[in-house]
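Heads up: the structure comes next, in structure tokens.
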Amino acid sequence: MEKYFILQNGVKLPKIGYGTYKSTDGGGGRAVSMALEAGYRLLDTAAAYENEEEVGRAVRESGIPREEIFLTSKVWKDKLGYEATKKSFEESLERLQTDYLDLFLIHWPKPDPKSRDWKELDRGSWAAMEEFYQQGKVRAIGLSNFLPHHIEALLEAVKIRPMVNQLELHVGYLQEAAVQYCRSQKIQVQAWSPLGRRRVLEEPVVVRVAEKYGVSPAQFLLAFLLEQGIGVIPKASSMERLRQNLELPSFAMEQEDMSVLRCLPQMGWSGEHPDLPRVQAQKELGV
Ligand SMILES: NC(=O)c1ccc[n+]([C@@H]2O[C@H](COP(=O)([O-])OP(=O)(O)OC[C@H]3O[C@@H](n4cnc5c(N)ncnc54)[C@H](OP(=O)(O)O)[C@@H]3O)[C@@H](O)[C@H]2O)c1
């Protein structure tokens, strides 16, 4: 399998990365160091994960040249707008102890679902990110949790188009409309919680199809997204799981199985949605 997606500006994005959310709880940067040792070269962090210092330390201590590592961070929803995003970006660099990022994302399109000025805030954040990009402080800029209407609103005002959109995507929650839209705009899609944070690992249909191809359920879930041109950033804490998720055996998936898995009822959704309060979203969708 080719290891990279090529973004619209030519930057190579590793197809499989390591998600660091909660990965430093308890053990400091140990899991991140293990991920680097296992061969991961994309590390996904965010200001909101409060672990940029540990991630940066693990990178330095690994001895791997900085340019061989793809570092992603994100600005949190309470730091939207030009000035706040500028400050947040500089603070991320400082905590990571690096002078550039490979990818910087707006974590969520709105400070909260009721926000009235989110379009202006996103445009302000984006203007700051365009500056960093032009100054060479970040190699690619993008979005996270942006649905087509959020992206449309932003595209009206951009000089540089978003290169990546990171969305919750896994079997049972495939957000096909959002993925199709991103493809039409040449925005590379990357899946967060590609294993549904374990919620879909034991679904009988997943277990059955994984068995058919002789792979673990986690490997199947990751290969299923990669097959559709979607990047993945699974989090794992043991060397065995880290390796399992990175070293995917190659197998040809039958169209019928792909179709079955793309047409399942919704399952394993986190309950997080940019336009709906969390509780309301859970009630309305019955999860
Ligand atoms: N942009 C956003 O808004 C957003 C939101 C959420 C997450 N993210 C990013 O996406 C990354 C991944 O998502 P996530 O951490 O929510 O969930 P995930 O990667 O879907 O699932 C992680 C869980 O699956 C388990 N696991 C990993 N590999 C396994 C395997 N081979 N077999 C069995 N279990 C396995 C892990 O267990 P152990 O850890 O115990 O090994 C952990 O409990 C995050 O770390 C973060 O970087 C982004």
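Read-outs throughout are calculated quantities, based only on the coordinates presented, and are distinct from any laboratory measurement. Values in this document were obtained by computation on a predicted structure and should not be read as measured data. Note that we place each Cβ from the backbone using ideal geometry, even for glycine, and neighbour counts take in every protein chain shown.
Please give the charge dipole size of region 85-221, origin at the Cα centre, charges +1 on K and R Cβ atoms and -1 on D and E Cβ atoms. Round to the nearest 20 debye. Don't skip to the end; give the middle numbers.
Working: 19 positive and 18 negative charges, 39 e Å.
In total the dipole reaches around 180 debye.
Which entries of 74/114; 3/119; 119/186; 12/114; 110/137; 3/212 have Cα-Cα distances beyond 29 Å here?
Beyond 29 Å between Cα atoms: 3/119; 12/114.
Could you compute the FRET efficiency for residue 250 and residue 53, with r as their C-beta to C-beta distance and R0 at 41 Å, rounded to 0.05?
Step by step, r from the Cβ atoms, then E = 0.65.
Hey, got a sec? Which GluC sites (Glu not before Pro) in region 90-163 land in a DSSP loop and have at most 15 other Cβ atoms within 10 Å?
Sites meeting the loop and neighbour criteria: 156.
Can you give the FRET efficiency for residue 275 and residue 183, using 1/(1 + (r/R0)^6), R0 = 25 Å, r = Cβ-Cβ distance, to the nearest 0.05? If you can, show how the numbers build up before the last one.
On the way: r = 22 Å, r/R0 = 0.86.
So the FRET efficiency works out to roughly 0.70.
How far apart, in nm, are the 7 Å Cα→Cβ label points at residue 119 and residue 6?
So the label points at residue 119 and residue 6 sit 3.6 nm apart.
Rule-of-thumb check for region 93-171: C-alpha Rg over 2.2 N^0.38 Å?
Region 93-171 yields a ratio of 1.12.
Over all directions, the average projected area of the alpha-carbon convex hull for region 156-260 comes to how many nm²? Walk me through the numbers on the way to the answer.
Numbers: hull surface 30.5 nm².
It is 7.6 nm².
Within region 17-77, report the trypsin sites (Lys or Arg not before Pro) that DSSP leaves as loop and that have at most 15 other Cβ atoms within 10 Å.
In loop regions of region 17-77 (DSSP not H, G, I, E or B), the sparsely surrounded trypsin sites (Lys or Arg not before Pro) are 22.
Roughly how many nanometres apart are two label points built 7 Å out from the Cα toward the Cβ at residue 240 and residue 149?
Between residue 240 and residue 149, the label points sit 4.6 nm apart.
Under a Cβ-only charge scheme (Lys and Arg +1, Asp and Glu -1), can you give me the dipole magnitude of region 37-140 about the Cα centre, in debye to the nearest 20?
400
Summarise the long-distance tail of P(r) for the chain by giving the % of C-alpha pairs beyond 35 Å.
That tail contains 14 percent of the Cα-Cα pairs.
Who wins for biggest fluctuation among 188, 166, 255 in a Gaussian network model of the chain, springs between alpha carbons below 10 Å?
Of the options given, 255 has the highest mean-square fluctuation.
Straight-line reach only, C-alpha to C-alpha below 16 angstrom: list the lysines that residue 235 could link to, leaving out same-chain residues fewer than 8 apart.
Reachable lysines: 15, 22.
If r is the Cβ-Cβ distance from residue 61 to residue 198 and R0 is 51 Å, what FRET efficiency results, to the nearest 0.05?
FRET efficiency, residue 61 to residue 198: 0.95.
Could you give the nm distance between label points at residue 156 and residue 213, where each point is 7 Å from its Cα heading toward the beta carbon?
4.1
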